[in-house]
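Every number here is computed from the coordinates shown, using simple stated rules; none is lab data. Note that the coordinates shown come from a computational prediction; the quantities given were computed from them, not determined experimentally. In this analysis, Cβ positions are derived from the backbone assuming ideal geometry, glycine residues included, and neighbour counts consider all displayed protein chains.
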Amino acid sequence: MITHEKTIFDSVAQALREEYPGIFVTGDYVNDTPPSFPSVAIIETNNTVNHKYSTFDEIENISISEIYIQIYSNLTSGRAAQCKSIAEVIDGVLKKYRYRRTLNQPIPNIDTSIARRDMRYVKENVTWELR
């Protein structure tokens, strides 16, 4: 299986930690209330074979990867702005890896003192070499 999930996670987490010291970054889903703030979850939600490029023996040459991201902020003021700022850092990293953003929107949270923004990215031609 062709996947670069760890590399993508590490790159995004490093960029976020440089910009937001103390940010909580996880590879698991966060349900409504993260353990600390700001918080980001980065998950490869789908990784499928691009059949157009597989061999007759079904050897995988290229895959399709989808990355799902949850962003949380609990600032007293400027929660939504902080989520957008974090989203811009994430977007910059994933663009370098040629992931295409397919979703970037605020999501209502059960606890209204917490702002949430979800993002989704897809890359349709993932090869063994990450470029």
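Modelled this way, with points 7 Å down the Cα-to-C-beta line, the labels at THR76 and ASP32 are 2.6 nm from one another.
Which net charge results for the neighbourhood of ASN109, defined as the other residues with beta-carbon distances under 13 angstrom from its beta-carbon, given Lys and Arg at +1 and Asp and Glu at -1?
Numbers: positive: ARG79, ARG116, ARG117; negative: ASP32, ASP111, ASP118.
Charge balance near ASN109 sits at 0.
Restricting the range 1-55 to chymotrypsin sites (Phe, Trp or Tyr not before Pro) that sit in a DSSP loop and have at most 11 other Cβ atoms within 10 Å of their own Cβ leaves TYR29. Computed extension gain for ASN109 through GLU5, at 0.36 nm per residue and net of the alpha carbon distance, reaches 34.8 nm. Summary value for the chain: 27 percent relative contact order, contacts being C-alpha pairs under 8 angstrom separated by 6+ residues.
The trypsin sites (Lys or Arg not before Pro) of the range 1-106 that meet both conditions, a loop assignment by DSSP and at most 13 other Cβ atoms within 10 Å of the site Cβ, are ARG98. Rounded to the nearest 10 degrees, the angle from helix 79-96 to the longest Cα principal axis of the chain is 20 degrees.
Here the range 6-51 and the range 60-131 have alpha carbon centers that stand 9 Å from each other.
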